[in-house]
Amino acid sequence: QVQLVESGGGLVQPGGSLRLSCTASGTIYRVEIMGWYRQAPGNQREFVASITKDGRINYKVSVKGRFTISRDNAKNTVYLQMSGLKPEDTALYYCNADISRRNDYPLTNYWGQGTRVTISS
């Protein structure tokens, strides 16, 4: 079994910062792309940022320059450093990863349970 567990959400004022973490645990052979998505109330889940195992990064346009994604492959952990936070960043943030449990298993996509980020004064 594989689990993705997020942490680091909370309530911050506009302009503030937060750092989200997500660690994959369980029976893992390799972790390929890891990323973050978010879902605001009444909205669909949307892509925020992703990073491949070899460090290729993509961002949602509206978070470029404010959010930084990184990962520690040895710890199967991905981070999202968020700064310059705006009320429109308020959402439930989900971790996502493509993981293979054995060397002869295909990649399977996994989701975390989400961590809430609220930006409000």
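Quick look at the numbers
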item: The stretch 32-47, residues that are within 14 Å of the chain's Cα centre (by Cα) and either loosely packed, with under 12 Cβ neighbours inside 10 Å or over 16 Å from Gln113 (Cα atoms) (or both); result: Glu32, Ile33
item: Residue selected from the stretch 81-101 under the condition over 15 Å from Arg38 (Cα atoms) and small (Gly, Ala, Ser), by the criterion least open to solvent (accessible area, probe 1.4 Å); result: Ser100
item: Whichever residue in the stretch 51-80 is surrounded by 15 or more Cβ atoms within 10 Å (Cβ to Cβ) and touching a residue at least 40 places away in the same chain (Cβ under 8 Å) and, among such residues, is farthest from Ala24 (Cα to Cα); result: Leu80
item: Neighbours by Cβ (under 7 Å, 6+ apart or cross-chain): first from the stretch 1-20, open to solvent by less than 60 Å² (accessible area, probe 1.4 Å); second among the charged types (D, E, K, R); result: Val2/Arg101; Gly8/Arg19; Gly9/Arg116; Leu20/Glu6
item: Condition met for Ala24 (farther than 24 Å from Pro106 by Cβ and open to solvent by less than 50 Å² (accessible area, probe 1.4 Å)); result: no
item: Among residues of the stretch 1-53, those that are hydroxyl-bearing (Ser, Thr, Tyr) and touching a helix residue (DSSP H, G or I) at 6+ places or on another chain (Cβ under 8 Å), counted; result: 1
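The values are calculated or read from the model by the stated rules, or taken from the named source; none is laboratory data. Just so it is clear, the structure is predicted and the values come from calculations on it, not from any experiment. Here the Cβ is made from the backbone with ideal geometry for all residues, glycine too, and neighbour counts use every protein chain on show. Note: areas computed on protein heavy atoms with side chains; ligands, DNA, RNA excluded. Shrake-Rupley method; radii C 1.70, N 1.55, O 1.52, S 1.80 Å.
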